[in-house]
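To start, the structure itself, in structure tokens.
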Amino acid sequence: MARSRHLLWDAARGLVRHRSALVGLAVVTALLLVALFAPLLAPHDPLLPRMRERLTPPSSKHWLGQDELGRDILSRIIYGARISLTIGIVSVGVGMAVGVPWGLASGFYGGKFDILTQRSIDILLSFPSILLAILIVTVLGPSLWNAMVAIGIASIPAYTRVVRGSTLAIRDAEYVQAARAMGAADARILVRHVLPNVLGPVVVLSTLYTASAILTAAGLGFLGLGAQAPTPEWGAMLSRGREYLRVAPHVSAFPGLAIFVSVLGFNLLGDGLRDALDPRLRGKV
Amino acid sequence: MFSYVVRRLLLAIPVLLGVVTLVFLALRLIPGDPALIMAGEAAPQEVVARIRTQLGLDRPLAVQYGIYIWNLVRGDLGESVRTRRPVTQELGFRLPATLELASASMAIAVVLGLTAGIISATRQYSILDYATMVGALVGISIPVFWFGLMAMWIFSVRLGWFPVGGRGTLRHLVLPAITLGAMATGMIARMTRSSMLEVLRQDYIRTGKAKGLTERSVNLRHALRNALIPVVTVVGLQFGGLLAGSVLTETVFTWPGVGRLMVDSITNRDYPVVQGAVLVIALVFTAVNLLVDLAYSFVDPRIRYD
């Protein structure tokens, strides 16, 4: 418990000193609030088409204009925040749920299991992550849920590698040996003593991976391999606006801006957390 | 040195085999009957049967794997279900376009990223430093496809400076290369900056300055050369990112490369082509990383003796 309080304290202190990280925190908080209160904030129904008003540029009634079916773009972007956050949470959750225990076990036990782990990671890292995600989505079929799972799977090797490295560094620490001497079971040592000490890098990695998950999911949506119509997913919205770039650039411009600002927010926050919690990770994550 | 190269090459073999196996298994893991999915629900029974035989899906998995590996060794990636042309031929048409785009983007990223990183590190905490780092962060955070579309809208549609898409002249290459290179530029700039800052604190830099070397000579001949090692890794990793990012960039600019072929083949459910395209990108990426590792041992002799 004491350790996690330290972690929070370190993170908070580091963030306050980092002005750009505070900007990131503000963006992420705003995104969270928009997602939470989407029904209250959205001025119109995000799914309601108004064919007569299709491709209308921004106006006082529709601040960001209307899309190819006359739907209100601002309302779609507001509801899209829910999807982007869900993407971040689910894919980071999948990556962590597999990668963290795998890395812990591999670093802690070593031996053949560790060698096998390292080779598997080498193989998975031979695929650039969006390519691995595309391959998985091809197998599972294009949908938002599959895209999230695919992005999560593609991030597993990164978690495994970082956690394994940190575990290796503290496996033989005195407090671990002391716990062992007192007869603690492996599971207890791993959860009570090793895990809290590798959480710092995991938090940093998760923040930065949320940014990359949002970006990759939007990319898959853009390619038609993620969210399907009429879901207001930012990448898919941008993709459909492509056909009308000449006559109505706003249809693509605003969803793209939303992706950009969210990703920037998570990246700023992640950079700040990294400097606060684990400066050694600089350049590695 | 020689033994290091041999060891590194030998280590690459199981990784390559793993990549090849994973791609093989992926196609077989598709739920349902892949032959039926590829042919389409409405296809006549003969067509489904033909595809099944063509892909060897009617044989045991181990036999399929054996045949797949044997064919791969002979450079045979199978046949496209749609065009009936060999996959190697389909890829052969497209690979030069992707490599051209990726190399041009990399050249832009290395030149811009290194310059920005050096300027930033040598003038730490100046306005120029902040501006460069904000620019780098924007490069890392901006969605490639949005950047591409907006660049296309401004420079092609509005100003008419560049063609809207396609491949051919140098003017066709400019926008896609800048778009694809944006993220790598940001990454390289950040890495160069932090690596340079670390080196600039070393004793030998102070010695260099103390003995009266010019600022330029200290920065470029002593600091940069030592700071380059981590930068080389990032360049290698980014090349893979570029190959993968080309999927999106090629789609935006209708660039006739492997990335677009892959996306089109996914839509057409032409799995042998998807498999071939994924394999080629992963293999090129692995080869580049191998080269980077080898390049390392030339840049930093300490690595060879580890």
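The values are calculated or read from the model by the stated rules, or taken from the named source; none is laboratory data. Because the structure is predicted, anything quoted here is derived from the model rather than measured. Methodologically, a virtual Cβ is constructed for each residue, glycine included, from the backbone with ideal geometry; neighbour enumeration extends over all protein chains shown.
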* Asked: Is the stretch A:247-258 home to any residue that is away from every other protein chain (no Cβ under 11 Å), surrounded by fewer than 24 Cβ atoms within 10 Å (Cβ to Cβ), touching a residue at least 40 places away in the same chain (Cβ under 8 Å) and of a type outside the set (A, V, I, L, M, F, W, C)?
  -> no
For A:Val149, the lone unmet condition from (1) buried (at least 24 other Cβ atoms within 10 Å of the Cβ); (2) at pLDDT 90 or above is (1)
Checked the stretch B:208-257 for anything farther than 25 Å from B:Met187 by Cβ and of a type in the set (A, V, I, L, M); matches are B:Ala210, B:Leu213, B:Val218
The number of residues in the stretch B:52-82 that are β-branched (Val, Ile, Thr) and either in contact (Cβ under 8 Å) with a residue 60 or more places away in the chain or within 26 Å of B:His172 (Cα to Cα) (or both) is 1
By residue number, the members of the stretch B:243-269 that are under 25 Å from A:Ala253 (Cα atoms) and of a type in the set (Lys, Arg) are B:Arg260
Over the stretch A:48-61, the set of residues part of a helix (DSSP H, G or I) and surrounded by fewer than 16 Cβ atoms within 10 Å (Cβ to Cβ) is A:Met51, A:Arg52
Checklist entry - Residues in the stretch A:62-74: is at least one touching a Ser or Thr at 6+ places or on another chain (Cβ under 7 Å), within 13 Å of chain B (Cβ to nearest Cβ) and in a loop (DSSP other than H, G, I, E, B)? => result no
Condition met for A:Pro157 (surrounded by 22 or more Cβ atoms within 10 Å (Cβ to Cβ), assigned to a helix (DSSP H, G or I) and not hydrophobic (A, V, I, L, M, F, W, C)): yes
* Asked: Does A:Ser206 count as away from every other protein chain (no Cβ under 14 Å), small (Gly, Ala, Ser), closer than 14 Å to A:Val92 by Cβ and touching a helix residue (DSSP H, G or I) at 6+ places or on another chain (Cβ under 9 Å)?
  -> yes
Counting only residues in the stretch A:218-233 that are in a helix (DSSP H, G or I) and touching a Phe, Trp or Tyr at 6+ places or on another chain (Cβ under 9 Å), the one farthest from the other protein chains (Cβ to nearest Cβ) is identified as A:Gly221
If we keep only residues of the stretch B:13-27 that are facing another protein chain (nearest Cβ under 9 Å) and touching a residue at least 12 places away in the same chain (Cβ under 8 Å), then the residue nearest to B:Ser265 (Cα to Cα) is B:Leu27
Original post:
Quick check: is even one residue across the stretch B:73-85 under 29 Å from B:Gly148 (Cα atoms), touching a Ser or Thr at 6+ places or on another chain (Cβ under 8 Å) and at pLDDT below 95?
Top reply: no
Checked the stretch A:90-126 for anything surrounded by fewer than 17 Cβ atoms within 10 Å (Cβ to Cβ) and within 13 Å of another protein chain (Cβ to nearest Cβ); matches are A:Ile115, A:Leu116, A:Gln118, A:Arg119
Restricting attention to the stretch B:29-67, the residues that are under 22 Å from A:Asp122 (Cα atoms) and either acidic (Asp, Glu) or more than 9 Å from every other protein chain (Cβ to nearest Cβ) (or both) number exactly 1
Scanning the stretch A:18-47 residue by residue, those touching a residue at least 24 places away in the same chain (Cβ under 8 Å) and assigned to a loop (DSSP other than H, G, I, E, B) turn out to be A:His18, A:Ala42, A:Pro43, A:His44, A:Asp45, A:Pro46, A:Leu47
Filter the stretch B:176-208 for residues that are within 14 Å of chain A (Cβ to nearest Cβ) and of a type in the set (Gly, Ala, Ser); the one that is surrounded by the fewest Cβ atoms within 10 Å (Cβ to Cβ) is B:Ser194
Going through the stretch B:263-272 in order, the residues found to be crowded, with 24+ Cβ neighbours inside 10 Å and either in a loop (DSSP other than H, G, I, E, B) or at pLDDT 90 or above (or both) are none
B:Thr233 vs (1) away from chain A (no Cβ under 13 Å); (2) of a type outside the set (A, V, I, L, M, F, W, C); (3) in a helix (DSSP H, G or I): all pass except (1)
Taking the stretch B:153-165 and keeping residues of a type outside the set (A, V, I, L, M) and within 10 Å of another protein chain (Cβ to nearest Cβ) leaves B:Trp153, B:Ser156, B:Arg158
request  = Determine whether the stretch B:209-232 contains at least one residue that is more than 30 Å from B:Met106 (Cα to Cα) and buried (at least 18 other Cβ atoms within 10 Å of the Cβ).
outcome  = no
Checked the stretch B:181-205 for anything charged (D, E, K, R) and not in a helix (DSSP H, G or I); matches are B:Arg201
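The rows are residues; the columns are (1) in contact with a strand residue (DSSP E or B) (Cβ under 9 Å, 6 or more places away or on another chain); (2) modelled with pLDDT under 85; (3) not charged (D, E, K, R).
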| residue | (1), (2), (3) |
| --- | --- |
| B:Gly208 | no, no, yes |
| B:Gly212 | no, no, yes |
| B:His222 | no, yes, yes |
| B:Arg225 | no, yes, no |
| B:Leu228 | no, yes, yes |
| B:Val234 | no, yes, yes |
| B:Leu242 | no, no, yes |
| B:Leu248 | no, no, yes |
| B:Pro256 | no, no, yes |
If we ask which residues in the stretch B:108-152 are more than 14 Å from chain A (Cβ to nearest Cβ) and either more than 27 Å from the chain's Cα centre (by Cα) or surrounded by fewer than 20 Cβ atoms within 10 Å (Cβ to Cβ) (or both), their number turns out to be 11
